[in-house]
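Worksheet: the structure to be examined is printed underneath.
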Amino acid sequence: MQQIIYSILPIFLLIVLGFIAQKVINLRHPIVTFFSKKGIIPQNGWTDVLNQYALYIALPSLILYSLLSTPLNNAISNQIISFTLISSFVFIALLFLVIKLFNIKKQFASTLLLCGYLGNIAYIGFPYLSAIIKGSEPTISIIIGIHITISFTFILYLLEKHLAGNVSPLHIFKKLIAQPLLIAVVVGVLFSITNFSLHPVILETINMIAKSASPTVLIALGAFFAKSWSAPKHPFQVVLLTFVKLLAFPLVSFFIAYGWYDISKVTLPLLESTMPIAITSFALSHRYHLDKQTIGYAIILSTILSFVTITVFSGIVL
């Protein structure tokens, strides 16, 4: 429990920092106006600037480094790989089926696809799991790599297809290959499979940028709330997103694990499925014109409730 608290508290502190930074700009004090005119601080706030940095520089670096840090052809349990892939695609298929059956509107359907699967497997999952299961770091890195690859290939394809409607596969392909996160996945997988080694100086540079990804998005999230603070416009959607990520995905994963796998062999990917909504979703909401407020509240609510859900699910399998 203590490890979960230590992993989650910094998230809220960074959100508060972004909230305060934006509030300072909102005051329009003469000193703030002076610095804004000089270009030292953004005139309209931090959200757009930080989201652009996160989406085009920091998050691609995080993805690339996570895939380069542990080669994918390292020895790893076939059960872990197959379980991670099967549970992911079964859940995504079920989610897509629900969207079609209930004829959910495009914007929220895309939000469900993005937030329902993409969990905070790195910023919360990695430190928590590596603390409770010693020596698990290489395996966790590979699980994260699989989740990232699925998220920024298959999920983004579904987003483009769902939002764009009936467009040619070539049009979707052109948009996908211009996606910096997807480029990072492709490059990282190729380098990892071929054992291509970057110079240590370059690799450490990528690592330093990667470490700025999560703080950047969290500060941007806090700034967004300070700029447009209000009660959630769609509270039911916030609750539903939280339910899908914290309960639906883990339950599907648990059903598959207990039905077809040795539970002790797939503990790590099973617990990764219990992580709250990824902060990356907030950055992607900017690119795909999704409801930032709903996603932002869902990130906060799911992160708070994950104190309980992660503890419960961990108690079941450990």
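The values are calculated or read from the model by the stated rules, or taken from the named source; none is laboratory data. All values derive from a computational prediction rather than experimental measurement. Ideal geometry is used to build each Cβ from the backbone, glycine not excepted, and the neighbour counts take in all protein chains shown.
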Is it the case, given these coordinates, that V201 is free of Cβ contacts under 8 Å to residues at least 24 places away in the same chain and either in a helix (DSSP H, G or I) or touching a strand residue (DSSP E or B) at 6+ places or on another chain (Cβ under 9 Å) (or both)? yes
Considering the stretch 76-106, residues that are assigned to a helix (DSSP H, G or I) and among the basic types (K, R), and then whichever is nearest to K265 (Cα to Cα), we arrive at K100
Out of the residues in the stretch 225-248 that are part of a helix (DSSP H, G or I) and of a type in the set (K, R), state the one that is surrounded by the most Cβ atoms within 10 Å (Cβ to Cβ). K245
Of the numbered conditions (1) crowded, with 19+ Cβ neighbours inside 10 Å; (2) modelled with pLDDT of 85 or more; (3) closer than 23 Å to F224 by Cα, Q22 satisfies every one except a single condition; which is it? (2)
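For the stretch 90-105: of the residues being aromatic (F, W, Y) and touching a residue at least 60 places away in the same chain (Cβ under 8 Å), which is surrounded by the most Cβ atoms within 10 Å (Cβ to Cβ)?
F91
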Scan the stretch 116-165 for residues that are under 12 Å from the mean Cα position of the chain (by Cα) and either of a type in the set (D, E) or not in a helix (DSSP H, G or I) (or both) and jot them down. L118, G119, N120, I121, A122, Y123, I124
Among the residues of the stretch 249-282, what is the count of those that are assigned to a helix (DSSP H, G or I) and surrounded by fewer than 17 Cβ atoms within 10 Å (Cβ to Cβ)? 8
